[in-house]
Amino acid sequence: MWSLSNSNIRRMTRIVLVCLLLLSFTGCYRQDNDAADVPLWTPAPSDNGVGGNIAEVSYGSVSRTVSGEGRLTYSTWEDITCDLANARLVSINVKRGDTVKKGDIIAEFTIEHNQSDLVSMVSELEILEKQFRTNLSSYQSMVDAAKASVNSLKEQYAASPTDKLKTQLAKAEINLKKAQASLEFFEYDSLRMIERQKKAIEKYEERISNNKILAPFDGIVGSVEYLPVGNIVKPGSAICSLYYRDKVWITTNSDISNVMRYNSPVTIEVSVINKKYTGRVITAPDLFGQTTGRVVIIPDEDIDIYPGDRLKRITVKADRFRLDNVLVLPSRAVQNEEGKRYVYLFEDGIMKKRYVTVGMSSLDTVQILDGLTAGQYVAVD
């Protein structure tokens with residue numbers, strides 16, 4: 001005979017009372033001794049396999065996680081510098097932690113320049129253009145005169161073809177080609193000089209009007225240099241550092257590094273913004289035959305924080321072990337009796353005590369190795 005403890009007796013009493021109450025509601029109770037067994041009730045599974053105080057034996061996962069401190073760093077950044085000459089600082093428009101888009105204004109300057117330089121360049125352009133118009137007329141007149149000579153000799157030779165006219169016509173045609181070539185070269189050379197002067201003026205005007213430093217890509221502002229407003233900034237001076245948002249690492253050297261493996265999944269919790277992210281390990285000690293060391297993690301999506309002291313509150317969680325596609329139950333469904341594990345199984349309308357063999361367990365889930373099959377239902381304490 002069983003030797004029941006007081007707690008087991010109380011639990012059995014509660015379950016029997018529930019069964020009798022259900023019988024009274026459903027009208028399924030039969031008093032005749034010859035009647036077949038009538039199910040006490042048929043438990044209906046909910047979406048997660050648990051209905052009320054009933055749990056379904058099903059395939060799932062069981063894991064146990066460990067956690068440690070992580071630090072977010074940006075793997076790639078660029079120093080934003082001022083490459084303008086004679087640039088006097090007007091303002092720096094960003095601060096540490098700002099999110100910027102490509103083309104946003106980082107800093108503004110005024111460009112110191114000598115106005116007489118520009119006036120001189122414009123005057124030189126006007127002289128070149130005037131010389132071109134004047135000389136073009138002369139060269140064109142030479143071509144026109146050469147053409148007229150050729151046409152005249154052609155008419156004379158047609159009327160009275162002689163060797164002398166033939167020789168003169170040949171020389172006239174050569175002179176025409178020379179005149180045309182001279183015109184073409186003059187146009188090419190003169191227009192080239194005019195265009196060069198125009199570009200020089202445009203470049204000068206662009207230099208004195210190009211008084212802004214723009215963000216070259218989407219990113220997060222890191223350190224910002226202190227540069228006094230109103231001072232001339234030396235070319236090449238750093239304005240700030242800009243981090244690529246899509247190139248973020250999480251690093252940890254905590255005790256959990258010994259359970260992290262290359263390409264394994266992790267959970268990243270950021271308490272300051274109350275968000276969770278997933279990621280994967282790209283560098284771990286096991287790659288180098290070590291048990292502990294630096295671990296580098298890449299998040300699966302952007303993390304909306306920036307480098308700073310508050311990054312110390314990043315928590316990294318990894319599975320110490322994980323079993324997938326195994327029979328599992330809620331831990332509260334499994335009872336302990338003198339070292340033996342059992343459950344209360346609903347089978348054929350009757351509640352039965354069933355001993356089971358358990359495997360791995362987490363805080364709320366336990367693996368069932370023997371004694372149950374998928375689809376069965378058990379009571380949950």
Fill in the blank from the handout: Quick shape check on region 123-258: root eigenvalues a ≥ b ≥ c of the Cα gyration tensor, a/c under 1.5 is rounded, otherwise prolate if a/b tops b/c, else oblate, and it reads prolate
Problem - Close Lys-Lys pairs in region 108-206, where close means Cα under 23 Å and separation is 8 or more or interchain - result: 17
Problem - lysines whose Cα lies under 23 Å from that of Lys101, excluding same-chain neighbours fewer than 8 positions away - result: Lys212, Lys247
Exercise for the section: Take every Cα-Cα distance within region 48-186, group them into 10 Å bins from 0 onward, and report for each bin the whole-number percent of pairs it holds. Expected result: 8, 14, 11, 10, 10, 10, 9, 8, 6, 5, 5, 3, 1
Completion exercise
Looking only at lysines whose Cα falls under 19 Å of Lys340's and that sit 8 or more positions away or on another chain, we get Lys352, Lys353
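Take the alpha carbon gyration tensor of region 102-158, find the square roots of its eigenvalues, order them as a ≥ b ≥ c, and report rounded if a/c is under 1.5; if not, report prolate when a/b exceeds b/c, else oblate.
Details: a/c = 14.00, a/b = 3.23, b/c = 4.34.
Oblate, because a/c is 1.5 or more while a/b does not exceed b/c.
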Exercise for the section: Distance check, please: which entries in Lys275/Lys317; Lys276/Lys317; Lys95/Lys275 exceed 22 angstrom between their Cα atoms? Expected result: Lys95/Lys275
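Rule-based calculations on the coordinates, nothing more; no lab input. All values derive from a computational prediction rather than experimental measurement.
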